[in-house]
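Q: Would you mind keeping the following structure in view while I ask a few things?
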Amino acid sequence: MINRHQPDRRSERRSTSVYRPALIQTEHFSGFCMIRDISSAGVNVQAFADIAVGQKVAVEFSDSLRSEGQVIWAKNNLIGIKFHEEIDEDRILCGALQREQEHSDRPLRLDIECDACLSIEGKSIPIRVRDISQRGIKAAASSLSVGDAPVVYLPDLPPKRATVRWTQYGIAGLHFDVPLRYDDLATWAIRLNQDKVD
């Protein structure tokens, strides 16, 4: 007898267990997730957010690797996604690994906007965050120079020491001295999106 309350995992028997970050998008949400299993038919991910069965989603493995599908089961913060078209999971994993090696300081970045501020030698500078990763932020900021070492104050996160890596046309790239924990970043991004909706 089939228990209809349990996820049907028959299509996952040839899946590969991984622990790899990705981005997940729905019509109203964009955030980080952690891939736990992948097969040619779909993925199981830790979503860090409530995503309901039946929702259409897109999973972005890297800047150039993206697949669309639908949530077919959900339990706690784990969800199963069936892709609309089968993928070559070996190519996805090898491609993602190669990109990690080639761009080791360019982790997945989430487009997200919020107000924050920097502190440099006792001076407070307001900034507008444009995107964020575990290792840093891109922000609209004035009066910054490459090599500056400010403390970054993001809403609802502990202060983070950083170094300005580049500046261009009023936009700056800041690299955190100590990366954010992935789960802390993922849940922070969800809270920020929820605050905007509320």
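Q: Please compute the modelled spin-label separation between Trp73 and Asp115, points set 7 Å along Cα→Cβ, answer in nm with one decimal.
A: Computed distance between label sites Asp115 and Trp73 equals 4.6 nm.
Q: Take Tyr169 and Tyr182, extend 7 Å from each Cα along the Cα→Cβ direction, and tell me the distance between the two endpoints in nm.
A: 3.3
Q: With a 1.4 Å probe and all protein chains kept in place, how do Cys33, Cys117, Cys94 rank by accessible area, largest first?
A: Details: Cys33 0, Cys117 40, Cys94 85 Å².
Correct descending sequence by accessible area is Cys94, Cys117, Cys33.
Q: Find the relative contact order for the range 29-92 and round it to a whole percent, using C-alpha pairs within less than 8 Å whose residues are 6+ positions apart. Working shown, then result.
A: Details: 122 pairs, mean separation 21.4, N = 64.
Value for the range 29-92: 33 percent.
Q: Let me ask another. To the nearest whole percent, what portion of all C-alpha pairs in the range 139-198 is separated by more than 17 angstrom? Intermediate results must be reported in sequence, preceding the final value.
A: On the way: 840 of 1770 pairs.
Roughly 47 percent, rounded to a whole number.
Q: Whole angstrom only: what separates the Cα centroid of the range 110-128 from the Cα centroid of the range 156-181?
A: So the separation of the two Cα centres works out to 9 Å.
Q: Carbon-plus-sulfur fraction of the accessible area of the range 125-172, 1.4 Å probe, in percent?
A: Values: 1180 of 2480 Å².
Carbon with sulfur: 47 percent of the solvent-accessible area.
Q: Now for a separate question. Under a straight-distance cross-link criterion of Cα-Cα below 27 Å, which lysines are reachable from Lys160, leaving out those fewer than 8 residues away in the same chain?
A: Within reach: Lys123, Lys138, Lys196.
The values are calculated or read from the model by the stated rules, or taken from the named source; none is laboratory data. Model, not experiment: these values are computed from the prediction. In this analysis, Cβ positions are derived from the backbone assuming ideal geometry, glycine residues included, and neighbour counts consider all displayed protein chains. Accessible surface areas use protein heavy atoms only, side chains included; no ligands, DNA or RNA. Shrake-Rupley method; radii C 1.70, N 1.55, O 1.52, S 1.80 Å.
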